[in-house]
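Visitor: After the structure tokens below, expect a handful of questions from me.
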Amino acid sequence: MMMTRRVGVVVTSSLLVFFAVVAAVLLFVPAFDHAVFMSIRHGSMGSSSSGAGNNTLTATHRKLLLRATEMDEPNRIPGEKCSKADIVINQGPTGPLPSGIPTYTVEIMNVCASGCDVSRIHLTCGWFSSARLVNPRIFKRLHYNDCLVNDGKPLVNGGTLSFQYANTFLYHLSVSSVSCS
């Protein structure tokens, strides 16, 4: 009888401590995302949509690349086969170098709906530099705010190029010009 009472007191005390910790996390941790907590609790990932039309998939167990902001269907000039909007750039953080410098993975995709190959892809890239060597045939800075993709060669329809760079901050990369192949 005495042993049963002790077990009951220990279980009750443990439950009170557990609920106090959960309540403290829910109430006092400002960065805690309640929607992510609920999606994890129910074993699923949620998705949300902002007013700008960007969809965000929330999942705490994996890192996702940031989606390019401009995904509108391009206004094509009659006879023009491709445009800057046919190139989509996604990038996001990956594990840091052993020295602690953050790394980022970049994916550059040709999503041309009319089946076109896109060449001479130039990106705005500021003073892009990397502590990790980036293959210059895939991505290289020519001048300030002018980086060349795939050595100027065509990126085939549906094709993707990817590379990693290491720097203390993420570079904003966007398409500045393209040519149709």
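The values are calculated or read from the model by the stated rules, or taken from the named source; none is laboratory data. These numbers were taken from a predicted model, which means no experiment stands behind them. All Cβ positions, glycine included, derive from the backbone under ideal geometry; neighbour counts span all protein chains shown. With ligands, DNA and RNA removed, areas are computed over all heavy atoms of the protein, side chains included. Shrake-Rupley method; radii C 1.70, N 1.55, O 1.52, S 1.80 Å.
Visitor: Output the residue which, of all residues in the stretch 146-181 that are outside any strand (DSSP E or B), over 25 Å from L97 (Cα atoms) and touching a Ser or Thr at 6+ places or on another chain (Cβ under 8 Å), is least open to solvent (accessible area, probe 1.4 Å). Full working, then the answer.
Guide: First pass over the stretch 146-181, keeping only residues outside any strand (DSSP E or B): 150-154, 156-159, 167-173, 181.
In the following step, the residues that additionally are over 25 Å from L97 (Cα atoms) were identified as 151-154, 156-159, 181.
Okay, now just the ones that are also touching a Ser or Thr at 6+ places or on another chain (Cβ under 8 Å), so 152-154, 181.
Details: G152: 16, K153: 113, P154: 67, S181: 68 Å².
The extreme case among them is G152.
Visitor: Let me ask another. Condition (residue is open to solvent by 40 Å² or more (accessible area, probe 1.4 Å) and either at pLDDT 85 or above or in contact with an Asp or Glu (Cβ under 9 Å, 6 or more places away or on another chain) (or both)) applied to the stretch 66-73: is it met by at least one residue?
Guide: no
Visitor: Can S130 be described as out of contact with any strand residue (DSSP E or B) (no Cβ under 6 Å at 6 or more places or on another chain) and modelled with pLDDT of 50 or more?
Guide: Values: out of contact with any strand residue (DSSP E or B) (no Cβ under 6 Å at 6 or more places or on another chain): no; modelled with pLDDT of 50 or more: yes.
Spelling it out, it is not the case that S130 is out of contact with any strand residue (DSSP E or B) (no Cβ under 6 Å at 6 or more places or on another chain) and modelled with pLDDT of 50 or more.
Visitor: For the subset of the stretch 128-145 comprising residues that are of a type in the set (K, R) and under 19 Å from M109 (Cα atoms), which member is least open to solvent (accessible area, probe 1.4 Å)?
Guide: K140
Visitor: Of the residues that make up the stretch 90-105, is at least one closer than 13 Å to G158 by Cα and either open to solvent by 20 Å² or more (accessible area, probe 1.4 Å) or outside any loop (DSSP other than H, G, I, E, B) (or both)?
Guide: Checked against the condition, which is being closer than 13 Å to G158 by Cα and either open to solvent by 20 Å² or more (accessible area, probe 1.4 Å) or outside any loop (DSSP other than H, G, I, E, B) (or both), the stretch 90-105 yields no hits at all.
Visitor: Among the residues of the stretch 106-140, what is the count of those that are free of Cβ contacts under 8 Å to residues at least 12 places away in the same chain and outside any loop (DSSP other than H, G, I, E, B)?
Guide: 1
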